[in-house]
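Report on the structure given below.
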Amino acid sequence: MTSRNAVNQTGLNLSVIIETVDLEMKFSEGTKILIIVLVSFVIFLTVSGNILVVLAFIADKRLRTQSNFFLLNLAICDFYIGAFSTPLYLPYMINGVWMPGRIVCKFWLTIDYTMCTASAFNVVLISYDRFLSVTQAVLYRSQQNRHSQTVLKMIAVWILSFLLYGPAILFWDKIFGGNNFPDTICIADFFDTWYFNFGTSILDFVLPLIGISFFNLSIYWNIKERSKKKRNSSTSHSLKEQHRHPYAISDKSFHSDQPLQQNKDIRLTVMKQIKKRYCSKSSTTINTQEHHKSDVQVSQLARDKKVAKSLLILVCVFTLCWAPYSFLITIGKVCNGYCIDSYWYESTLWLLYTNSAINPILYPLCHKSLRRLPICLIIQPPLVSDYLWQG
């Protein structure tokens, strides 16, 4: 989350914190300009990309499925990170001084922590939804029209995310006493409470990562087993087809030294068997049903493979963006912040924020219709109104 507190969530006293803040913010003018340009670009991508996703859901009713609503929930989280969290943190990082005051600081910390945590929880929810769609397809399809359950899951993500940090940020100083920070420093009051920080890091990263890993591995093994069965079934089907064709008789039967009449009898017998087996209505129906069932299974397997691949990319990007920051925070608690340079905290924090800009680029992997609206908005803006009304 935020973290000017990233360096400071390590049990240091106030004088060390103020000294650290002053030291770490001494950027050269050239460095400041570069940071402002890069961060502004990330903010632009985050806000515009996630707005496009929201507009796509408004425009295209086909997108309003259970699984895609969870993507929408993630897009809303990422939008607030880009529109609220990062713009306020940028000047604080550059100048080393928090100007808006303590009340705004608490509000900002609450939103920032809640949005970042909700983003992680939404990735877990998306993984769980994909897990059900692959491993329990029949049950999953039967629940597609139960939008109330979908909405409840989305709301639960927001509530749990707020409860994890919100009350502590808002009321810690009233319950346990404040740390008497000056208004120019914006840090959560629980920054030096290692057991709280350790516990919340388990809940907002370690457990979600375990859940995501479990769901993705389960999807992988399910698809692997089904692919194996499909290959075995195809082999078995080929062998059966060979046995079904009685006309696959060696040429010796027709070119032997037997009398001509006997060869004719053999041919008649073969033709009768072929007619009986392949020309009857019931046989044709059964074969058609078998082929249809096989085609459906192949189609479902191919679709599940695409789902698994798109989810894997989303999860890998999430892990790469979140793991460095979470790892450094954990290490920092052990060494009281002295073993890791503050620039590493800042870099990994912005890597975490960048995840919110990358996600909208990954969503089109999950639904083809999401590839259309961004092109309309960026290349041909007049087409937007037509696209919005066609839904």
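The values are calculated or read from the model by the stated rules, or taken from the named source; none is laboratory data. Note that the coordinates shown come from a computational prediction; the quantities given were computed from them, not determined experimentally. FYI the Cβ positions are ideal-geometry reconstructions off the backbone, even for glycines, and counts take in every protein chain you see.
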Query - Condition broken by residue 176, with the remaining ones in (1) surrounded by 17 or more Cβ atoms within 10 Å (Cβ to Cβ); (2) at negative phi satisfied - result: (1)
Query raised in the report: Out of curiosity, is residue 86 over 18 Å from residue 361 (Cα atoms), in contact (Cβ under 8 Å) with a residue 12 or more places away in the chain, crowded, with 20+ Cβ neighbours inside 10 Å and among the hydroxyl-bearing types (Ser, Thr, Tyr)?
Result: yes
Query raised in the report: Name the pairs: first residue in the stretch 94-112 and surrounded by 15 or more Cβ atoms within 10 Å (Cβ to Cβ), second residue of a type in the set (Ser, Thr, Tyr), Cβ to Cβ under 7 Å, at least 6 apart or on different chains?
Result: 97/184; 98/92; 98/184; 109/2; 111/80; 111/85; 112/2; 112/85
Query - Flag for residue 145 being surrounded by 24 or more Cβ atoms within 10 Å (Cβ to Cβ) and not aliphatic (A, V, I, L, M) - result: no
Requested in this report: Go over the candidates 168, 137 one by one and state the one that is small (Gly, Ala, Ser), in contact (Cβ under 8 Å) with a residue 12 or more places away in the chain and crowded, with 17+ Cβ neighbours inside 10 Å.
Outcome: 168
Query raised in the report: So residue 127 clears everything in (1) modelled with pLDDT under 90; (2) among the small types (Gly, Ala, Ser); (3) closer than 28 Å to residue 317 by Cβ except one condition, right? Which one?
Result: (1)
Report summary line: Among residues of the stretch 179-212 being within 30 Å of residue 130 (Cβ to Cβ) and hydrophobic (A, V, I, L, M, F, W, C), the residue farthest from the chain's Cα centre (by Cα) is 202
Query raised in the report: Is it the case that some residue within the stretch 185-199 is of a type outside the set (Ser, Thr, Tyr), in a helix (DSSP H, G or I), modelled with pLDDT of 90 or more and surrounded by 17 or more Cβ atoms within 10 Å (Cβ to Cβ)?
Result: no
Query raised in the report: Only one residue in 58, 76 is of a type in the set (A, V, I, L, M), farther than 30 Å from residue 184 by Cβ and surrounded by fewer than 16 Cβ atoms within 10 Å (Cβ to Cβ). Which one?
Result: 58
Report task. Please work out which one of (1) modelled with pLDDT under 90; (2) under 21 Å from residue 346 (Cα atoms) is the condition residue 82 fails and give its number. Result -> (1)
Report summary line: Taking the stretch 212-229 and the residues there that are polar (S, T, N, Q) and farther than 15 Å from residue 123 by Cα, the one that is surrounded by the fewest Cβ atoms within 10 Å (Cβ to Cβ) would be 227
Requested in this report: Among the candidates 132, 163, single out the residue that is out of contact with any Leu (no Cβ under 6 Å at 6 or more places or on another chain) and at pLDDT 90 or above.
Outcome: 163
